[in-house]
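> My questions will all concern the structure given below.
Taken together, the values in this text are just the output of simple stated rules run on the coordinates, not laboratory data. Note that the structure is a prediction, hence the values are computed from the model and not measured. No Cβ is skipped: glycine too gets one built from the backbone with ideal geometry, and neighbour counts run over all protein chains shown.
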Amino acid sequence: MKPFDFQPRTRIVFGSGSLARLGELARSLATTRAMVVSDPGVIRAGHAERAAESLKEAGFEVRLFDGVHENPTTDDVEVGRAAAADFRPELLVAVGGGSSMDCAKGINFVFSNGGQMKDYWGVGKAANPMLPMMAVPTTAGTGSETQSFALISDAETHVKMACGDPKAAFAVAVLDPQLTLTQPAQVTALTGYDAIAHAAETFVTARRTTLSQMWSRDAWRLLAPNFERVIGDPEDAEARAAMQLGASFAGMAIENSMLGAAHAMANPLTARFGIVHGQAVALALPAVVRYNGQVCAREYAVLASDVGLSPHSDDFAAEQLAQELIRLREIAGLAGRLRECGVPEDALPELAEDAATQWTGTFNPRPVDVPSLLELYRRCW
């Protein structure tokens, strides 16, 4: 067995209605001033206001920062840093999807340690202590609430920078499945498929361990069956709860094993063509599963059997799992071909060059390089 070093850094509070406990939980981390980081859609849904009210009832002075955009950029982080410098919070509370959570982490990096976001690209670059943070995810997708990494795009180059540090982990994640009921159908589809991809990729990465696979497999068993349920019935509270918990478990898996080639392929699609992350991952994942089948068929057979599939042999498992991922993609109404998303065929070589520089690709169980990534893009085109 591979050795590992695991230290849980995030307290997970899960349950319907748990948002009401936010203020109570916050009191153990700070005393007077909290900045809520959110985005306009979540604010319109009323979730940020409910979070702020819980904090105020616990005695906090609250400032709302609403400058988060999808795929947060260095510009978003800088505006948030300025807001934090003006308010001087003791606590940051991210309310929203992965964008709000990643932006809160980014703000914390530069507010607590100075400099620019690019200074923290990589791992362990924060020299000073950071503010305590809480996460209130309103989607079931990124699992950022249980990770110490922030994905921030450079506002000029559009390159996604993975900035990680143990200090950037949330102290508390409040998982209230009721908050996910307000997700638009398209957001449910995109974030849910991304979470499924996290479970499938982390289960087989080169960095996987017995511990990370425990998180991956439990995430998969919660996500894959319930994804179809929430697509078919958005009001299914039990399925919503399973999706949110599964996404969080998948985040724990990422924290301990990283991701693979599907995410390496997805990031350039977002940077170059503005394809939403969940859609980009959905385009790449089945092809990557087939590619990886040569070296991790046994693991794929486990995932296939967990959702009721019965591969005739390990050799067939990758194909059967890929077909299931395609089925779920179609049920969600997501595009299955790059050309459907406006990607011209002559762009594939540059995409492969970009994907080869992505950190996540280095953890793929079967090595990838520019030629192999180009072939994978062609299979998706």
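> Is it possible to state the helix-based mean residue ellipticity at 222 nm for the chain, with each DSSP H run of 4+ residues giving -39500 (n - 2.57), the sum divided by total residues, to the nearest 500 deg cm²/dmol? What is it?
Working: 13 runs with 193 residues, N = 381.
Calculated from helices alone, the mean residue ellipticity at 222 nm is -16500 deg cm²/dmol.
> Report, please, the projected area of segment 300-381 averaged over directions, based on the convex hull of its C-alpha atoms, in nm².
Details: hull surface 25.5 nm².
Its average projected convex-hull area is 6.4 nm².
> If one computes P(r) from the Cα atoms of the chain, what percent of pairs lie at distances over 38 Å? Walk me through the numbers on the way to the answer.
Details: 9669 of 72390 pairs.
More than 38 Å apart: 13 percent of the Cα pairs in the chain.
> Give the relative contact order (percent, whole number) for the chain; include only Cα pairs under 8 Å separated by 6+ residues.
Once divided by the residue count of the chain, the mean separation gives 15 percent.
> Quick check on segment 11-179: of the DSSP beta bridges with both residues there, what percent are antiparallel, nearest 5%? Let's see the in-between values first.
On the way: 5 of 28 bridges.
Around 20 percent antiparallel, to the nearest 5.
> What ranking of 368, 93 emerges when the number of other C-beta atoms within 10 Å of each C-beta is taken as an exposure proxy, fewest first?
Ordered by Cβ neighbours within 10 Å, fewest first: 368, 93.
> A further question on this structure: Between residue 155 and residue 206, what is the spin-label point distance in nm, taking each point 7 Å from the Cα along the Cα→C-beta axis?
Rounded to a tenth, the inter-label distance reads 3.6 nm.
> Scale the Cα Rg of segment 185-380 by the rule-of-thumb value 2.2 N^0.38 Å and send over the ratio, two decimals. Walk me through the numbers on the way to the answer.
Numbers: Rg = 15.4 Å, N = 196, 2.2 N^0.38 = 16.3 Å.
It is 0.94.
> Just subtract the alpha-carbon distance of residue 345 and residue 5 from 0.36 nm times their residue separation and send over the number in nm, one decimal. Kindly include the intermediate steps, with their values, before the conclusion.
On the way: separation 340, 0.36 × 340 = 122.40 nm, distance 4.35 nm.
The span from residue 345 to residue 5 would gain 118.0 nm if fully extended.
> For residue 294 and residue 70, compute 0.36 nm times the residue count separating them, minus their Cα-Cα distance, and round to one decimal in nm.
Values: separation 224, 0.36 × 224 = 80.64 nm, distance 3.59 nm.
77.1 nm is the gain from fully extending residue 294 to residue 70.
> Give the lysines whose C-alpha is closer than 20 Å to that of residue 125, dropping any in the same chain fewer than 8 places away, or say none.
Within reach: 105, 160, 167.
> Another question, if that's okay. Please work out the Cα convex hull volume for segment 127-273 and give it in Å³ per residue. Each step should come with its number before you reach the end.
On the way: hull volume 18.4 nm³, N = 147.
Output value, Cα hull per residue: 125 Å³.
> While we're here: Between residue 378 and residue 24, what's the calculated FRET efficiency when r is the beta-carbon distance and R0 is 56 Å? Round to 0.05.
Numbers: r = 54 Å, r/R0 = 0.96.
FRET efficiency, residue 378 to residue 24: 0.55.
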